[in-house]
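Shown next, in structure tokens, is the structure this report addresses.
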Amino acid sequence: MNKQTIRDINVAGKRALVRVDFNVPLDAEQHITDDTRITAALPTIQYLLNAGAAVILMSHLGRPDGKVVDTLRMAPVAQRLSELLNTPVQSVNDCIGPEVEAKARALQPGQVLLLENLRFHKEEEKNNSEFAHQLASLGDIYINDAFGTAHRAHASTEGVTHYLPGVAGFLMEKEITFLGTALQHPRRPFAAIVGGAKVSDKIAVLERLIDIADMILIGGGMANTFLKAEGFEIGDSLFEESKITVARDLIAKAKQGSKQFLLPKDVVIADRFAADANHTIVSSDQVPQVWRILDIGPTTVASFREALATAQTIVQAGLSDKMTHVSTGGGASLEFLEGRILPGVAALQDKR
Ligand code: 3PG
Ligand code: MG
């Protein structure tokens, strides 16, 4: 990777402001149901602490949309992190302001402070420069280890780099290195699994992957837009009307290039979006009018499994670990991948 990392700088005695992606799934009582994203950031945090830095961590959690939402506070994350590091993790009830500044200034080498949810301020997602400046004033150096948020130009990921010298953390380095190798010299067959709610978020990624991957497996909410483009009725399912043509073009491009393009053959549907909704499994062309698609079905899981069995490189983008909340069977799509890719964090597993 041709980017500087924490190995290239001297962090002793410095306040390291570290952007991590601690956007972990929580259950209804705010218990963390998967701490992969926290454990993935440990090597960077531990390295900084051992090297004599005071570590100030910042992350978003969920989508509070610029308001304080008590159920999206970072407290459960601070507790889990403290257990994992075996060291106290200090917290504050905001991410900017005089109290936060005082705590950051008082932080000693070897100590850890976790700021409150960045998205409690609307300025974070707007990449507001004053907000970025206030965040930057908390540290002497900036470290970005939030690979899962690398596609967002927000105040804590992009804005802050205008005010502080920045380097990459180990997770970021690992992902960029893996991804670079996968895209430049993939071992074939090369499979790409793409999910997430919106086709619009992933058009560029899909266009590039269709050129280089041998098989493309589509899941998540965006699969609905593709199913619609194929002429299926999808009931009340989430989809993007304005992206149907794009979806159709992508399917045609995959066909032209003789790529395997796998859409869900069957789907888990529910009569509403709620944990206690009525749910069932139907073929993708049998979705009743007022029902909605929430996941891929077992036949699709089997077909994905079969396709992936031969893959030598697998890249995944946009599969949500949060789907496991939905008791309609959401998350089934990930189970068989366990241990082969890190849901929601690692972009890739190279099966070498
Ligand atoms: C994610 O989980 O996708 C990242 O943490 C980014 O969060 P976002 O999709 O809410 O921007
Ligand atoms: Mg996301």
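The values are calculated or read from the model by the stated rules, or taken from the named source; none is laboratory data. A quick note: this is a predicted structure, and the numbers were derived from the prediction, not measured. Glycine also receives a Cβ, built like all others from the backbone with ideal geometry; neighbour counts cover every protein chain displayed. The area values use the complete protein model at the heavy-atom level, side chains included, leaving out ligands, DNA and RNA. Shrake-Rupley method; radii C 1.70, N 1.55, O 1.52, S 1.80 Å.
Ranked by accessible surface with a 1.4 Å probe, highest first, in what order do Ser237, Ser82 come?
Ser82, Ser237
Sorted by accessible area with a 1.4 angstrom probe, largest first, how do Asp94, Asp8 fall?
Greatest to least solvent exposure: Asp8, Asp94.
With charges only on Cβ, +1 for K and R and -1 for D and E, what is the dipole size of region 125-186 about its Cα centre, in debye, rounded to 20?
120 debye
What does the net charge come to around Ser242 if you take all other residues with beta carbon closer than 15 Å to its beta carbon, with K and R at +1 and D and E at -1? Please report the intermediate quantities before stating the final value.
Numbers: positive: Lys198, Lys202, Lys228, Lys243, Arg248; negative: Asp201, Glu240, Glu241, Asp249.
That sum, taken over residues with Cβ under 15 Å, equals +1.
Using label points projected 7 Å from each Cα along Cα→Cβ, tell me how many nm separate Asn128 and Gln312, to one decimal.
5.1 nm
Based on the mean of other beta carbon atoms within 10 Å per residue, what is the order of 280-293, 13-26, most packed first? Could the numbers behind the result be given before it?
Details: 280-293: 16.9, 13-26: 23.0.
Result, highest mean Cβ count within 10 Å first: 13-26, 280-293.
State log₁₀ I(q)/I(0) for the chain at q = 0.07, 0.09, 0.15 Å⁻¹ as given by the Debye formula over alpha-carbon point scatterers of equal weight, solvent excluded.
-0.32, -0.53, -1.27
How much length is gained on full extension from His31 to Ala153, taking 0.36 nm per residue of separation minus their Cα-Cα distance? Before the final figure, lay out the partial values.
Values: separation 122, 0.36 × 122 = 43.92 nm, distance 2.87 nm.
Answer, rounded to one decimal: 41.1 nm.
Which distance in Å, rounded to a whole number, links the C-alpha centroids of region 1-64 and region 222-244?
So the two Cα centres are separated by 37 Å.
For region 194-290, what is the Kirkwood estimate of the hydrodynamic radius, computed as the reciprocal of the mean inverse distance between distinct Cα atoms, to one decimal in Å?
13.8 Å
Residue separation times 0.36 nm, minus the C-alpha to C-alpha distance between Asp211 and Val68: what's the value?
Contour length minus Cα-Cα distance gives 47.2 nm.
On the full set of protein chains, 1.4 Å probe, figure out the accessible area of His162 and give it in Å² to the nearest 10.
130 Å²
Using each residue's phi in region 40-48, evaluate 6.51 cos²θ - 1.76 cosθ + 1.60 at θ = phi - 60° and report the 3J(HN,Hα) Karplus result to the nearest Hz, with x for Gly and Pro.
5, 8, 4, x, 5, 5, 5, 4, 5
With all protein chains present, how much of the accessible area of the chain (probe radius 1.4 Å) comes from carbon and sulfur, to the nearest whole percent? Intermediate values should be presented prior to the final figure.
On the way: 7790 of 15680 Å².
Exposed carbon and sulfur together represent 50 percent of the surface.
Taking the simple approach of a point 7 Å from Cα along Cα-to-Cβ for both Asn10 and Ala102, what is their distance in nm?
Calculated label separation equals 3.3 nm.
Quick one: how many Å² of Lys122 are accessible to a 1.4 Å probe, rounded to 10?
Counting only protein heavy atoms, Lys122 exposes about 110 Å² to solvent.
Could you state the accessible area per residue of the chain in Å², with a 1.4 Å probe and every protein chain left in place? The partial results should precede the final answer.
Details: 15680 Å² over 352 residues.
Heavy-atom accessible area per residue stands at 45 Å².
Keeping all protein chains in place and using 1.4 angstrom, which order do His31, His185 fall into by accessible surface area, from largest down?
Putting His31, His185 in descending order of accessible area: His185, His31.
Between Lys253 and Lys3, what FRET efficiency comes out of the Förster formula 1/(1 + (r/R0)^6) with R0 = 30 Å and r the beta carbon distance, rounded to 0.05?
That gives a FRET efficiency of 0.45.
Using a 7 Å offset from the Cα along the Cα-to-Cβ direction at both Asp201 and Gln46, what is the distance between the two label points in nm, to one decimal?
Taking the simple label geometry, Asp201 and Gln46 are separated by 3.1 nm.
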